[in-house]
Structure formats: C-alpha cells, structure tokens
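Trainee: The structure follows.
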Amino acid sequence: MDKNTIKSTINELLKVIDEHTFSNLINVIDLDKYVKKLTAYKFLQLLIISQLKETKSLTQMSKQLKDKEELQVQLTFDTISTSQLSRKLGDLSPTLFEKLFHYLVLNIQAKMKQSPIIREIGRLHVIDSTTMSMSVRQYPWATFRKTKAGIRLHLRVVVTKELTLPDKGILLPAKHADRTQMGDLIDIDSDAIHLFDRGYIDYKQFDHLCLHDVRFITRLKKNAQVEVLSEQIPQVGSPILKDLEVFLGNSQNGTKMTHTLRLIETQDSQGNVVMIVTNCFDLSAEEIGDLYRYRWKIETFFKWMKQHLTFKTFYGKSENAVCNQIWVALITYCLQVLLQEQLQHNGPLLEIKKTLQNLLFKGFDAFLRSLFRQPTRFSRGRRKQNWEEEFRVIEHQFTEGEVSHLDDLTYDPMFN
C-alpha cells in the first residue's frame, strides 16, 4: 500500500494540526496507551474527513474506510468496526477538541487581513446561540423541555465584511437561557463592539458592561420600561425615526439601570420598526443601525454549518459523543477558513468545501488547478438557446397581458 501522501490535499489541510502539534496541544499522558490502530489523532482525521464528506453515521464511516483505499492509505489501516468508533467517540473528552478549536482560531486571527470595518470601528463580535433538538428518550442528559431534549451552542463570532469566524463557544443542555452565558462570551477587557439579540436582555449585565466601558448594541423588547432624558432630531431623509437618551427599567421593582443608554428607532427592509439600544454615544445613529445588520452574520453561519457539515444529526447518544462531534464540525470549518486565507481565495467558502470534498485525496496541485480554474465561455449554441428562452419569456408576457410596453418587461440579467 502506497503511503506517500505528503503532497495530498488532505495533508495540506491538516498540516496546521499535524500529529506533533496535536500531541503538544492536548498534553494528555498515555492517551493512546494500548491502542493499536485508532489513535486519537487518526480518529480526529477520520472525523474531519467525515465532516467534509457529510457522512451521516458511524456505520457509513466504517463502510467508507473499508471501501476506499485512499482513506486506508491516509489512516494506515483498512478496517474499523462501528462499535470501536462509537466507544472512541464517547471516551474522548470534549476538552481535547475544544483546545484544538481555540488553537485554530488564534491561527486564523493571526493571518486575517485588516478588514475596512475593523479599521474604522475596531473588532465586531456577534453573540447568539443555536439549538439542536433531540429525543428525550435517547438523550435524557440534554435537558430542555418536558417533551423534547436538546443541546445549545452559545457562540461568539468575529465578523468582517469578508469573513465570519467562530471565536468562542459554550456547549450546554438547551435549558440554559441565552442571557445566562453572556458574561462568559463577553471579554471585559475587549475593545470590540458586541452585537446580540433580545434573548440577552439583562439590565444588571448592561450596567456591568457600561461600568467597564464594554460597548454593545442590541434590540429592545416592546414591553421595556423607558424613561426618556433627551432627544436628538434625526436628519431629513434619514432612516432613523428617533434618537433618544434613556434610562431602562423600573425603580419600584429594582430593575432600573444606573447608566443611561441610547435608544434608536429605525426600520428594517420590510418597514417594521426596530428599537435598538446601545452605549455607543460616539457613533452616529445611522452607523449604529448599519452595524446592527451585521448580527445576521451569525444566523447565516449557523445555517451554513447545518447545511454543509454533519452538525445536527449525531453519531452517538452520550454527551461526550455529541459535544465531540460539534467541536470537530467547528474545527473543520476553521480548517477551511485557514486554507482560504492561506490561498487568498476571494470566492465563497462553499467553493473551498466542495473542491475539498471532490479532491481531498488527490494531489494538492490538482486541488489548486480546480479551485482557481477560470470559467469557460458559453458556446454559440448555448448563447442562442438563452436568447430563445428570453424570447419565449417576452412572448408569454405580451400574450398574457402582463406588459403592454417594452419598458415594462421583466429584466433578467442572465440574458444581458
């Protein structure tokens, strides 16, 4: 069996956490004592490959190893049973993979280019959580509701115009509310602006952040009690409806804040009124409204993870197994981001992922050729077909009475 995989794409992807680095990071004595085949590092490789291939079960993982010679070459063994994989996944501590995740985050941050948004306002942190629902009978440890279990990933991401990078995470049973984890996700000594949604409303925490000059922007609940101190008149034509300095809370029940905040009313793209509160008095109301839109970056990150990695269907039933799988999914995401930064690839991260999926065990030169291949021109036949399709659309619109003038035709950039 040929073991010369030095220039393979998988080795290039994993070179930042080679076996030596892995051993130094986890620093666990006798972790693989008496283990003959499935060491912790080889298991990590197998899990990362399975994430990239979107493998749905340990049985499928075992079958892939048995059938694919290139995977056997990479791991230097040719078979492993489902039960062995299950035991390994449940026995390893999630702390090991959490350490690897933070190591990769530091590597990416060291290589990140200065984005325009960072140069102007400093770091931008977005905080939110996502819940993976489970069966109560199969996951009794994942306490959530009476009829449903679940695990919740509380996450902080660093946002730029080009990149969304997971920065700090906490995995807990879903019964833990978002605001209970806010203190652990916000660094008091950070100069970043923190964005979070209404699930993190906590007036005592807000006072604590104001006291330590930690900047934040969030939405306000409609039933919040507000005492208005002053008002700034928005500029004519501005999307800002109100710009107020306020106290939040009620002194009678002891919830009134001791620090003033800024309350800004603006509109979303559907015309709905959005109430934003912040302690950023040095930014314009328009800048604050624009910044809050970046909160959706974390929603698109969660969506990307659930669509393109094995993130919400689980390989095992134990808490260790579930947490290990989620940490490895985050590690796999970070490895792809790190490769994208290394190659200075300006396309979407999904392009990196799909190319890895197809050429993971091929030479790295083949991966580079495929990733940076220039798009080919359409043939004359294809262009003729497109114009014929456009003509049919135009004919249909006139026939059905949808338009009566050429200027009213539906514009389709594909045909221009």
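The values are calculated or read from the model by the stated rules, or taken from the named source; none is laboratory data. Bear in mind that the values here come from a model prediction, so they are computed numbers and not experimental data. Every residue, glycine among them, receives a Cβ derived from its backbone with ideal geometry; neighbour counts consider all protein chains shown. To get the accessible areas, we keep the full protein, side chains included, count just its heavy atoms, and leave off ligands, DNA and RNA. Shrake-Rupley method; radii C 1.70, N 1.55, O 1.52, S 1.80 Å.
Trainee: So how long is each side of region 122-308 along the principal axes, counting just the alpha-carbon atoms, biggest first, in Å?
Mentor: Largest to smallest, the principal-axis extents are 57, 44, 35 Å.
Trainee: If you build a Gaussian network model of the chain, linking Cα atoms that sit under 10 Å apart, which residue out of Ile49, Ile352, Ile233 swings the most?
Mentor: Judging by the Gaussian network model, the answer is Ile233.
Trainee: Counting other Cβ atoms within 10 Å, keep those with at most 16, restrict to DSSP loop, and tell me which trypsin sites (Lys or Arg not before Pro) in region 41-107 are left.
Mentor: Counting only loop positions with at most 16 other Cβ atoms within 10 Å, the trypsin sites (Lys or Arg not before Pro) in region 41-107 are Lys56, Lys68.
Trainee: A follow-up question, please. Set Lys and Arg Cβ to +1 and Asp and Glu Cβ to -1, take the dipole of region 122-308 about its Cα centre, and tell me which of Trp296, Gly150, Tyr200 lies farthest positive.
Mentor: Comparing the listed Cα positions along the dipole, Gly150 ranks first.
Trainee: Between Ser318 and Glu227, what FRET efficiency follows from the Cβ-Cβ distance if R0 is 51 Å, with the result rounded to 0.05?
Mentor: About 0.50, to the nearest 0.05.
Trainee: Leaving out same-chain residues fewer than 8 places away, which lysines sit with a Cα under 30 Å from that of Lys256?
Mentor: By straight Cα distance, Lys256 reaches Lys175, Lys204, Lys221, Lys222, Lys242.
Trainee: Taking only protein heavy atoms into account and a 1.4 Å probe, give the accessible area per residue of region 122-308 in Å².
Mentor: Value for region 122-308: 49 Å² per residue.
Trainee: Separate question: Report the percentage of all Cα-Cα pairs in region 286-345 whose separation exceeds 16 Å, rounded to a whole percent.
Mentor: When every Cα pair of region 286-345 is considered, 60 percent fall beyond 16 Å.
Trainee: Run the numbers for Lys63 and Asp282: contour at 0.36 nm per residue of separation, minus the present Cα-Cα distance, in nm.
Mentor: 73.0 nm is the gain from fully extending Lys63 to Asp282.
Trainee: If the viscosity is 1.002 mPa s and the temperature 20 °C, what Stokes-Einstein diffusion coefficient in µm²/s follows for region 98-224 when Rh is the Kirkwood radius over Cα pairs?
Mentor: 133 µm²/s
Trainee: Regarding the chain, what's the average projected area of the Cα-atom convex hull, expressed in nm²?
Mentor: In nm², the orientation-averaged hull projection of the chain is 28.7.
Trainee: Report, to the nearest whole %, how much of the accessible area of the chain belongs to carbon and sulfur atoms, 1.4 Å probe, protein only.
Mentor: C and S fraction of accessible area: 48 percent.
Trainee: A 19 angstrom limit on the alpha carbon distance is what I want to check against. Which of Lys306/Lys353; Lys37/Lys99; Lys148/Lys168; Lys42/Lys88; Lys66/Lys353 exceed it?
Mentor: In this structure, Lys37/Lys99; Lys148/Lys168; Lys66/Lys353 lie more than 19 Å apart at Cα.
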